[in-house]
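The values are calculated or read from the model by the stated rules, or taken from the named source; none is laboratory data. Here the structure is a predicted model, which is why all the values come from computation and not from measurement. Don't worry about glycine lacking a Cβ; one is built from the backbone with ideal geometry, like all the others, and counts go over all protein chains shown. Keep in mind that these areas ignore ligands, DNA and RNA; they rest on the heavy atoms of the full protein, side chains included. Shrake-Rupley method; radii C 1.70, N 1.55, O 1.52, S 1.80 Å.
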Amino acid sequence: MRIPVNAIVFEDFETLDIMGPVELFGLLQAHYQVQFYSLNGGLVSNKHGVCIQTQAFSEIETNAQSILLVPGGIVTFELIKNQQFLDELKTLATQSAHVLTICTGSSLVAATGLLNGLKATSNKMAFEFVQKLNDQVLWQAQARWVIDGKFYTSSGVSAGMDMTLAFIHNTQGEKVAQLCAEEAEYIWNSNPKIDPFCKAKVD
């Protein structure tokens with residue numbers, strides 16, 4: 001049985017946030033099955049003109065191995081005010097075996113309270129925002145991605161691919177992760193402490 005990768009999207013989601021990890025999981029179709037979901041289902045589009053047909057959150061099936069993918073984007077600054085979305089997200093994240101966030105996707109999970117007391121990171125251009133959003137999260141400024149329990153959080157846009165390869169490495173082995181990086185012709189930054197975008201954006 002393939003592991004469900006439940007990728008959630010919303011209007012104006014950041015394209016590479018979700019498509020980078022989906023590309024990598026998609027290289028391992030014998031292991032993972034990717035499905036797209038949104039709060040109410042239907043067609044969801046973003047500022048780049050990317051449209052995705054989705055199923056509703058209510059149709060997501062979670063199990064002991066399921067993965068929840070949470071992208072970000074500027075729209076997350078407004079989405080954190082949508083209590084219905086946050087309530088649904090909290091339920092899904094609680095029921096999922098692993099939660100992987102990309103960019104400001106971590107702010108959405110932080111807004112549910114599930115990251116309280118845990119280490120996490122986010123896009124450095126939005127770092128002041130996420131710190132003010134929830135100061136109970138142990139925000140890590142110098143980090144390409146962070147792992148704390150079942151939560152994987154990554155920095156800006158492309159960092160989601162580094163984090164996803166780290167997840168594949170941790171669950172499927174280093175050889176599989178390296179093969180995925182090679183097939184995608186992606187230069188994997190396998191060291192989470194190497195964060196070239198931190199210094200310029202965070203004091």
Residue pairs meeting the criteria (Cβ under 6 Å; at least 6 apart or on separate chains; first within 16 Å of K193 (Cα to Cα) and among the hydrophobic types (A, V, I, L, M, F, W, C), in segment 130-141; second modelled with pLDDT of 95 or more and not in a helix (DSSP H, G or I)) | L138/K119
How do the pairs read when you match residues in segment 1-19 that are more than 17 Å from I168 (Cβ to Cβ) with residues anywhere that are of a type in the set (K, R) and surrounded by fewer than 23 Cβ atoms within 10 Å (Cβ to Cβ), using Cβ under 6 Å and keeping only pairs 6 or more apart or on different chains?
-> D12/K47
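Listed here are the residues, each with its yes/no results for (1) free of Cβ contacts under 8 Å to residues at least 12 places away in the same chain; (2) of a type in the set (A, V, I, L, M, F, W, C).
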residue	(1), (2)
Y32	no, no
N46	no, no
C51	yes, yes
L108	no, yes
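If a residue counts only when it is within 26 Å of A64 (Cβ to Cβ) and open to solvent by less than 20 Å² (accessible area, probe 1.4 Å), which helices (runs of 4 or more DSSP H) contained entirely in segment 84-203 have at least 2 such residues?
105-112, 159-172, 174-183
Looking only at segment 107-116, decide whether some residue is modelled with pLDDT under 95 and more than 24 Å from C198 (Cβ to Cβ).
no
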Does T101 count as in contact with a helix residue (DSSP H, G or I) (Cβ under 6 Å, 6 or more places away or on another chain) and at pLDDT 95 or above?
-> yes
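Within segment 65-83, can you find the residues that are outside any loop (DSSP other than H, G, I, E, B) and open to solvent by less than 100 Å² (accessible area, probe 1.4 Å)?
Of everything in segment 65-83, those that are outside any loop (DSSP other than H, G, I, E, B) and open to solvent by less than 100 Å² (accessible area, probe 1.4 Å) turn out to be I67, L68, L69, V70, T76, F77, L79.
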Of (1) open to solvent by 10 Å² or more (accessible area, probe 1.4 Å); (2) at pLDDT 95 or above; (3) within 24 Å of I147 (Cα to Cα), T62 fails just (2)
Test A30 against the criterion of being over 25 Å from A181 (Cβ atoms) and either loosely packed, with under 14 Cβ neighbours inside 10 Å or modelled with pLDDT under 95 (or both), and give yes or no.
-> no
